[in-house]
Amino acid sequence: MKYLFSIFMSMLMVSAWAIPENNEEASELSAGDYVQPLVIRDSNDNPVELPAFGEKIILIFYSDPEVPKRNAYFVELMKEARFNDEDNFFSYGVVNMKDAPFYPNSLIRMGIRREERKNADQHVKIYTDPKHIIKNNWNLGDVNNEFALVLVDKDGKVLFKQNKELSKEEAQNLIRLIRKTIDEDRLEASNL
């Protein structure tokens, strides 16, 4: 009888384990969803609200520090486009520190400050998420060892989200979407 009870309890635990995983996948953030502003950390570990949220169209590069060069082609396209020179757009990085337990947070922040100084002419800003604040509150899904991109309009509507590396075609399409969104927002603002 004890043996049967053990088997039953094991089966119950295994099935209970599987349920949350399926629910997480079903509700993962996607284009068309709305997100809320959050408090993250700057490169000096000070709390800061998501910059420009609700004021500008934002593109967040949510990166695991173990894969900083992923989406390098898209990053180069962004530099060429110079969207951060636009008055209604702001892009910035948020480093997913929680999924990099072997890297000391202070070392990551030091690297972030160096990158910000090196790319100051591109208006590069990089923030940190040491506790999965964005991942959990926006339900980004599995972002471990990933370089996610999230494009959000001024109303908090997600226009684009992808966790995996973009193909060249996807990168070019996203550049076109950003340009179109910036232009439409500018036109709408001029009609007010």
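The values are calculated or read from the model by the stated rules, or taken from the named source; none is laboratory data. Only a predicted model underlies this, so the values are computations on that prediction, with no experimental measurement involved. A quick note on method: Cβ atoms are made from the backbone with ideal geometry, for glycine too, and the neighbour counts reach across all protein chains shown.
Residues that are modelled with pLDDT of 90 or more and more than 23 Å from GLU115 (Cα to Cα): list the strands (runs of 3 or more DSSP E) wholly contained in the stretch 10-76 that include at least 3 such residues.
Counting at least 3 such residues, we get no strands (runs of 3 or more DSSP E) at all.
Is the stretch 98-111 home to any residue that is under 30 Å from GLU184 (Cα atoms), touching a strand residue (DSSP E or B) at 6+ places or on another chain (Cβ under 9 Å), surrounded by 19 or more Cβ atoms within 10 Å (Cβ to Cβ) and among the basic types (Lys, Arg)? Looking for residues that are under 30 Å from GLU184 (Cα atoms), touching a strand residue (DSSP E or B) at 6+ places or on another chain (Cβ under 9 Å), surrounded by 19 or more Cβ atoms within 10 Å (Cβ to Cβ) and among the basic types (Lys, Arg), one finds none in the stretch 98-111, hence no.
Scanning the stretch 133-145 turns up no residue that is modelled with pLDDT of 95 or more and over 12 Å from the mean Cα position of the chain (by Cα). The single condition among (1) farther than 15 Å from ASP183 by Cα; (2) modelled with pLDDT of 95 or more; (3) over 14 Å from the mean Cα position of the chain (by Cα); (4) surrounded by fewer than 20 Cβ atoms within 10 Å (Cβ to Cβ) that ASN88 does not satisfy is (1). Pairs meeting the criteria (first residue in the stretch 164-192 and modelled with pLDDT of 95 or more, second residue hydroxyl-bearing (Ser, Thr, Tyr), beta carbons under 8 Å, at least 6 apart or on different chains) are LEU166/TYR73; LYS168/TYR73; ALA171/TYR73. Of the numbered criteria (1) more than 30 Å from GLU188 (Cα to Cα); (2) surrounded by 18 or more Cβ atoms within 10 Å (Cβ to Cβ), the one MET78 fails is (1). With respect to LYS154, determine if the residue is charged (D, E, K, R), surrounded by 14 or more Cβ atoms within 10 Å (Cβ to Cβ) and assigned to a loop (DSSP other than H, G, I, E, B). When the stated conditions are applied, LYS154 passes them. Within the stretch 67-78, residues that are in contact (Cβ under 8 Å) with a residue 60 or more places away in the chain have Cβ atoms under 8 Å from residues that are among the basic types (Lys, Arg) in these pairs: TYR73/LYS168, counting only partners at least 6 apart in sequence or on another chain.
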